[in-house]
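*Asks:* Quick one: the structure is below, questions incoming.
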Amino acid sequence: MKIGLIVGSLRKDSWNKKVAEVVKELLPVESDIIDIVNVPLYNTDLDGENVNEEYKRLREELKKYDAYIFFTPEYNRSYAPAIKNVIDIGSRDPEGNLWAKKPAAVFSASMGGYGAMAGNHALRQSFVYVDLIPMQQPEIYLSKVQELFDENGQMVERTKKFLNKATDAFVEHVKKHA
């Protein structure tokens with residue numbers, strides 16, 4: 001089993017990327033953070049016979065995984081546009097929709113009090129059209145994420161325990177659906 005981790009915040013010091021790095025360490029199976037920083041916005045002019053190299057690279061990378069965890073902040077009550085872009089590119093592979101029937105989860109984090117709940121739910125709605133199979137429970141919303149790391153940059157133990165339960169639940173979800 002191999003799980004792809006997709007971080008929607010492209011910022012170097014992204015809180016969601018820090019959460020993804022912790023999750024990568026907690027997962028009891030092979031996992032990697034998929035680099036999406038330099039992927040151009042989806043444009044059919046960049047696809048087809050003369051496909052953009054980043055589209056090719058991303059699609060080949062996505063094909064390596066059995067399941068995906070998406071990490072998103074909340075932007076204007078929705079999810080990160082970089083994730084929308086990745087979903088669009090993966091759904092338009094020449095061989096077909098790369099997302100179909102793959103298990104997925106959304107982990108969202110924000111500096112505010114709601115843990116990017118609206119972004120989390122908006123992303124889960126997108127899963128329906130591309131046929132990703134979402135993990136229903138537990139739901140992962142990390143509010144005030146800046147308070148979930150200590151002065152040394154380490155995640156606080158209670159949050160790490162919560163994420164460990166969530167990653168274990170996701171592995172079970174993947175086993176059921178992969």
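The values are calculated or read from the model by the stated rules, or taken from the named source; none is laboratory data. Keep in mind that what you see is a predicted model, and the values were worked out from it rather than measured. Every residue, glycine as well, gets a Cβ built from its backbone with ideal geometry; the counts of neighbours run over all protein chains shown.
*Asks:* Among I3, I69, I33, which is farther than 20 Å from V145 by Cα, surrounded by 14 or more Cβ atoms within 10 Å (Cβ to Cβ) and β-branched (V, I, T)?
*Replies:* Result of the check over I3, I69, I33: I3.
*Asks:* Okay, moving on. Against the condition under 19 Å from P134 (Cα atoms) and either among the β-branched types (V, I, T) or free of Cβ contacts under 8 Å to residues at least 60 places away in the same chain (or both), how does L62 come out, does it pass?
*Replies:* yes
*Asks:* For segment 11-30, give me each residue that is modelled with pLDDT of 95 or more, assigned to a loop (DSSP other than H, G, I, E, B) and surrounded by fewer than 16 Cβ atoms within 10 Å (Cβ to Cβ).
*Replies:* Matches in segment 11-30: P28, V29.
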